[in-house]
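Undergrad: Take a look at the following structure, please.
The values are calculated or read from the model by the stated rules, or taken from the named source; none is laboratory data. Since this is a predicted model, take the numbers as computed values, not measurements. No Cβ is skipped: glycine too gets one built from the backbone with ideal geometry, and neighbour counts run over all protein chains shown. Just so you know, the surface numbers come from the protein's heavy atoms only, side chains and all, with ligands and any DNA or RNA stripped out. Shrake-Rupley method; radii C 1.70, N 1.55, O 1.52, S 1.80 Å.
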Amino acid sequence: MDAVNASEPFSSAESRLRAVPPHALVATAGSLLAAGFGAQDVTLLLADYGLTVLQPVTHLPHTGDPVSAHDGPAGTAFTTQTPVVEVIADTTMERVHLPITVRGDRLGILSLRVPAASADPATVLRLGEFATALGHEVATAGRDTDLYLQARRTRRLTLAAEMQWQLLPGRGCARREYTIGAHLEPAYAVGGDNFDWSTSADHLTLTVTDGMGQGIDASLLTNLAVSAMRNARRAGIGLADQAALADQAVYAQYGGKVYASTLLLRFDLDTGTVRAVDAGSPQLYRLRATGIDLIELEAQLPLGMFEETPYEEQTFQVEPGDRLVAISTGVHGTRSATGDLFGERALRQILSATRQTPPHETARAVVAGLIEHFGSKDLTSDAVVVCLDWAGKPIDTARLTPKGT
């Protein structure tokens, strides 16, 4: 099979990938790409939890040498989410780096060498489609094997961090109405900070939660709060009642001794109307052509502080082109070694400087600025940044066109 006809077997290639054991995906992908494109040195690199390096998936317990997730050909492909063709010393071959992303969640890169004559745009496009198919299989395989989760680690996670990463929906999500990118630090020792989202045909629900305390205690608290909100959401209950039921669950368990600060948002995908419940300390900024605004919401009590706390929804509007950035207390409340607060001025400077970058890079840049301010990667408080770009529903031009024109 030559590369010219390589687009024909994609359905069968996907079937082959689905049919093999989870640990055999990379080897099977290599065989399929060798047969279809003459590919060599096929390597799957997954982004680590801190989004600092891309690590090759090889035989456990070892992985190959990592490469930067931000620099070099592979890092550029990952950051820009576009294929990168690298000319190598062997002029008969070229190395192609292909982003692997599943519904907006960046997993890593597929790197391979192909004959130089085959590295044309049409072939690279077909290779990109294969990489996407492989990404979906890797995401599914994660239910049945630890291989891909272990390959993402540069070191051991704390037990609290293990619990939190299992609770997260991913690190990104995208559909035509919006794109989300999120970042969490300290990635390998996070305790109580969390973000969550769920989308339906008409709505997007997004939450940012900061569980009181540290380590296992904070992780258990946040797990309870997030699971309670999910349970209420999946029962079709409104946003304010989701907060109320989670509040009751946390209070019943802890009796008001600890609590979880939470920001709940529900977007109407048709109109851009946002319903919000501010139950604690996460902050929300909106970037629009007119500038950067802190969205002032009525501060209500954190989840679990008192028994049967009533919650009320507020509303605000987002417009196409808007960017929303939600940050936890561990971002806006962190102080440097000299006691200086990572305040609104520093945050606004970073948000302004990254206005044209993708949401996932903006979220990472905020955390990078926080680490620089703090003076160490070993943050004493968890930090969550969630960045959402709002596009809204596309205009139905056919509906707007008068009949007979």
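Undergrad: Among the numbered conditions (1) in contact with a Ser or Thr (Cβ under 7 Å, 6 or more places away or on another chain); (2) more than 30 Å from Thr154 (Cα to Cα); (3) open to solvent by 20 Å² or more (accessible area, probe 1.4 Å), tell me where Asn231 comes up short.
TA: (1)
Undergrad: Also: Consider the stretch 277-311. How many of its residues are surrounded by 13 or more Cβ atoms within 10 Å (Cβ to Cβ) and assigned to a loop (DSSP other than H, G, I, E, B)?
TA: Result for the stretch 277-311: 12.
Undergrad: Which of the residues spanning the stretch 69-78 are open to solvent by 20 Å² or more (accessible area, probe 1.4 Å) and either out of contact with any helix residue (DSSP H, G or I) (no Cβ under 7 Å at 6 or more places or on another chain) or modelled with pLDDT of 95 or more (or both)?
TA: Asp71, Gly72, Pro73, Thr76
Undergrad: Restricting to the stretch 142-157, name every residue that is open to solvent by less than 60 Å² (accessible area, probe 1.4 Å), part of a loop (DSSP other than H, G, I, E, B) and either of a type in the set (S, T, N, Q) or within 12 Å of Pro22 (Cβ to Cβ) (or both).
TA: Gly142, Thr145
Undergrad: Let me ask you something else. Here's a check for you: in the stretch 339-357, which residue that is assigned to a loop (DSSP other than H, G, I, E, B) and closer than 14 Å to His373 by Cα is least open to solvent (accessible area, probe 1.4 Å)?
TA: Quick first cut of the stretch 339-357, residues assigned to a loop (DSSP other than H, G, I, E, B) only: 339-340, 342-343, 354-357.
Among the residues that remain, those that are also closer than 14 Å to His373 by Cα are: 339-340, 342-343.
Details: Gly339: 32, Asp340: 86, Phe342: 7, Gly343: 24 Å².
Residue satisfying both the conditions and the ranking: Phe342.
Undergrad: Would it be correct to say that Thr362 is among the polar types (S, T, N, Q), open to solvent by less than 50 Å² (accessible area, probe 1.4 Å), on the phi < 0 side of the Ramachandran plot and touching a residue at least 24 places away in the same chain (Cβ under 8 Å)? Steps first, please.
TA: Working: among the polar types (S, T, N, Q): yes; open to solvent by less than 50 Å² (accessible area, probe 1.4 Å): yes; on the phi < 0 side of the Ramachandran plot: yes; touching a residue at least 24 places away in the same chain (Cβ under 8 Å): yes.
Spelling it out, Thr362 is indeed among the polar types (S, T, N, Q), open to solvent by less than 50 Å² (accessible area, probe 1.4 Å), on the phi < 0 side of the Ramachandran plot and touching a residue at least 24 places away in the same chain (Cβ under 8 Å).
Undergrad: Taking Ala218, is it in contact (Cβ under 8 Å) with a residue 24 or more places away in the chain and either in contact with a helix residue (DSSP H, G or I) (Cβ under 8 Å, 6 or more places away or on another chain) or buried (at least 20 other Cβ atoms within 10 Å of the Cβ) (or both)? Before you say what the answer is, go through the steps one by one.
TA: Numbers: in contact (Cβ under 8 Å) with a residue 24 or more places away in the chain: yes; either in contact with a helix residue (DSSP H, G or I) (Cβ under 8 Å, 6 or more places away or on another chain) or buried (at least 20 other Cβ atoms within 10 Å of the Cβ) (or both): yes.
Taking the combined requirement at face value, the residue satisfies it.
Undergrad: Could you list, in sequence order, the residues of the stretch 205-222 that are in contact with a Phe, Trp or Tyr (Cβ under 8 Å, 6 or more places away or on another chain) and farther than 21 Å from Cys173 by Cβ? Break it down into steps so the answer makes sense when it comes.
TA: So the first thing to find is which residues in the stretch 205-222 are in contact with a Phe, Trp or Tyr (Cβ under 8 Å, 6 or more places away or on another chain), and the list is 205-209, 212, 221.
Residues satisfying the conditions are Met212, Leu221.
Undergrad: Return a yes/no flag: does the stretch 322-343 have any residue that is in contact with a His (Cβ under 7 Å, 6 or more places away or on another chain) and without any contact (Cβ under 8 Å) to a residue 40 or more places away in the chain.
TA: Looking for residues that are in contact with a His (Cβ under 7 Å, 6 or more places away or on another chain) and without any contact (Cβ under 8 Å) to a residue 40 or more places away in the chain, one finds at least one in the stretch 322-343, hence yes.
Undergrad: When the residues of the stretch 222-261 are narrowed to those that are within 22 Å of the chain's Cα centre (by Cα) and among the aliphatic types (A, V, I, L, M), which ends up farthest from Thr273 (Cα to Cα)?
TA: Result: Leu224.
Undergrad: Restricting attention to the stretch 99-141, which residues are in a helix (DSSP H, G or I) and closer than 13 Å to Leu33 by Cα?
TA: Passing the criteria: Ser118, Thr123, Val124, Arg126, Leu127, Gly128, Glu129, Phe130, Ala131, Ala133, Leu134.
Undergrad: Got at least one residue in the stretch 365-384 being of a type outside the set (D, E, K, R), buried (at least 17 other Cβ atoms within 10 Å of the Cβ) and modelled with pLDDT of 95 or more?
TA: no
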